[in-house]
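The values are calculated or read from the model by the stated rules, or taken from the named source; none is laboratory data. As the structure is a computational prediction, the values presented were derived from the model and not from experiment. Cβ atoms come from the backbone with ideal geometry, glycine included; neighbour counts cover every protein chain shown. Just so you know, the surface numbers come from the protein's heavy atoms only, side chains and all, with ligands and any DNA or RNA stripped out. Shrake-Rupley method; radii C 1.70, N 1.55, O 1.52, S 1.80 Å.
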Amino acid sequence: MFDRRAAFRLPSRIKKTFLQLYRLAILAGIVLFVRQHADRVRADGDWPISVNEVQAFLPEATTLRATGDQRNSLEILDNQRNAIGFAMRSMPYSKEIVGYSGPSDVLMITDKDERMLGIAIRSSYDTPSHVEDVEIDRRFMKRWNERTLTEVAAITDLSDAGIYSVAGATRTSEAVAWSITERAQVGGSAGAATAGPKWQWDWRDTAMISFLLLGCLFAFQKGKRLQKWRPLFSIATILIFGLLLTDLVAQSLLIGWVESRVPWYSALGTILFVFAVFAIPWFTSQPVYCQFICPHGNLQRWLMKVIPAKRKPRLGEGTKWALSFLPPLLLMVVLLTSFWQLELDLASIEPFDAYALRAAGIGTILVAIVGLAASTIIPMAYCKYGCPTGWLLDFVRKRSGKDRFSLADGLGLALLGLAFLLSRLPLSAFAI
Amino acid sequence: MKRKKKAKNWLLLIGMIATLGAWMIHLSQDRLLDQRVRSLILTIQQGVQRYHVAEEAYPPKSMSGIDLIKLLQERGELSDALANPWASGARFSESPTPNGIAYETDIFAESFAIIATDPETGDVLYRLDSSENPSLE
Ligand code: SF4
């Protein structure tokens, strides 16, 4: 008999590869949306630039998009989605430049070659009447037009550059002018000309990479002679990796890197480590970090031996099912916190900062203690039912044997959908 | 029996979602309050600057936010419709004291500081002044 379903069934190797790529794409998509939003917030600061403000200079503007470049500017798009210019605000870069009584936030619009099209004072902490004087002085306001950002950034003497202060509002107009030059310098070639940052590599980086290599050794070399050292390695991860290095992979670290820049120069060892922690399970299906290196995982492995298995209560399948939603739900909390810029220290929802003993907050200590206590009764309780980072690492892991679309894959899609929706909302929706 | 167990698991899941959801809502309300407080300080600061232009000095003595707002409103330097962010948007003029805003100046009224504090804990949230903290960003 002809089996139609079998005819449409993908060969399992293709299916497996497809699912692996799917998971990677989900992770990349989430990273992209979080990053886009963070760029937008950075470019807009506390008072986002609206399209209306830009239309005063470029009437065909319909959309503003964060470029994420060094300039921290917004790209202006027309209704065909063609880039027609850039918008930027002087605050917070100009917050130290005070006129009579406070700094001003200046909107700067350029064409796509970074040639100034106009400026406007968006808001000001300065004396309102002086600000009005500057705003109505067309000569001062138009003086900037046609200059490139590089030329503006290079101004060191206002009168030499043909920019004269406004009579009766000298200090306010000068502060506005210096705010513009200050903003033009952000991410410009003037900054690039200075000596670039130096690569740093110290003993901490070496130690982290050593732990990674040893973890891989234990994961891939199953010889008895080597494996008998595993308990010692496990204790070393707790004492050295956990309590001394304190660089555990955590949401606070990951989201910080995604939102801002990855500190390539200053934390190369940690970056390589984190990259490998995600890449190795994706390529090989071996959860090297969770299985061998994570101090909190290892501590739970020791603690689950405290009470004999016979005397431990068993969780029902249904309870396990319900609790397994907690880690992805916490990832949703992480996303909402990042998009909303909420006053929540992400370190406090995971136990990893507790290893920094003196610097640890009460939240992280509580999560650590409760998780460890639970693991004496329910083996690896925190790993299984509480760890968002572990969930993410497991999500990208290549499955051994056959692979199929699972509940975790659906939840990953839901996380991506949430990130997408949040990234489409205007910043005003987040009270930013 | 099995159905009862199933219901229990769903209840556990819904409970987790509800708890985390309530936590997020609580945090987002804080964020909203924060934004309202900042915009209130900015509005008051503009009123104070207008006063300075008219009188060549800032309001002459330190006072509570309500007194400052009343003073500026009476002089027409602030609008009547200023809402109190800590009292669900009620007008400041109708708000009970103490409120979260305080105004400080020196004896010559040459400087000013507008300080927002949490009305419950007294923690300083924002300080906008004419010397060290000229902006909220
Ligand atoms: S699940 Fe979390 S706590 Fe457990 S080993 Fe992995 S990262 Fe560590």
*asked:* open to solvent by 40 Å² or more (accessible area, probe 1.4 Å) and modelled with pLDDT of 95 or more: is that true of A:ARG311 in this structure?
replied: no
*Which of the residues spanning segment A:389-424 are more than 16 Å from the ligand (Cβ to nearest atom), assigned to a loop (DSSP other than H, G, I, E, B) and touching a residue at least 12 places away in the same chain (Cβ under 8 Å)?*
A:LYS398, A:ARG399, A:SER400, A:LYS402, A:ASP403, A:ARG404, A:PHE405
*Failed condition for B:PRO60, given (1) more than 10 Å from chain A (Cβ to nearest Cβ); (2) outside any loop (DSSP other than H, G, I, E, B), with all others met?*
(2)
*Check segment A:333-352 and report whether any residue there is open to solvent by 40 Å² or more (accessible area, probe 1.4 Å), more than 14 Å from every other protein chain (Cβ to nearest Cβ) and not basic (Lys, Arg).*
no
*Scan segment B:97-126 for residues that are without any contact (Cβ under 8 Å) to a residue 24 or more places away in the chain and either in contact with a helix residue (DSSP H, G or I) (Cβ under 8 Å, 6 or more places away or on another chain) or away from chain A (no Cβ under 13 Å) (or both) and jot them down.*
B:ASP106, B:ILE107, B:ILE115, B:THR117, B:GLU120, B:THR121, B:GLY122, B:VAL124
*Does B:ALA7 satisfy the criteria of being surrounded by fewer than 17 Cβ atoms within 10 Å (Cβ to Cβ), part of a helix (DSSP H, G or I), more than 9 Å from every other protein chain (Cβ to nearest Cβ) and modelled with pLDDT under 90?*
yes
*Would a scan of segment B:11-22 turn up a residue that is within 8 Å of another protein chain (Cβ to nearest Cβ), surrounded by 12 or more Cβ atoms within 10 Å (Cβ to Cβ) and under 25 Å from A:PRO103 (Cβ atoms)?*
no
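Got a sec? Which of A:THR337, A:THR319 is more than 16 Å from the ligand (Cβ to nearest atom), part of a helix (DSSP H, G or I) and under 24 Å from the mean Cα position of the chain (by Cα)?
Details: A:THR319 fails: under 24 Å from the mean Cα position of the chain (by Cα).
Result: A:THR337 is the single residue among A:THR337, A:THR319 that is more than 16 Å from the ligand (Cβ to nearest atom), part of a helix (DSSP H, G or I) and under 24 Å from the mean Cα position of the chain (by Cα).
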*asked:* Restricting to segment A:340-370, name every residue that is touching a Phe, Trp or Tyr at 6+ places or on another chain (Cβ under 9 Å) and within 16 Å of the ligand (Cβ to nearest atom).
replied: A:PRO351, A:TYR355, A:THR364, A:VAL367, A:ALA368, A:VAL370
*Of the numbered conditions (1) modelled with pLDDT of 90 or more; (2) surrounded by fewer than 16 Cβ atoms within 10 Å (Cβ to Cβ), B:ALA54 fails exactly one; give the number of that condition.*
(1)
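Mind telling me which of the residues A:GLN291, A:GLN286 ends up being in a loop (DSSP other than H, G, I, E, B), surrounded by fewer than 22 Cβ atoms within 10 Å (Cβ to Cβ) and within 16 Å of the ligand (Cβ to nearest atom)?
Values: A:GLN291 fails: in a loop (DSSP other than H, G, I, E, B).
Within the list A:GLN291, A:GLN286, the selection yields A:GLN286.
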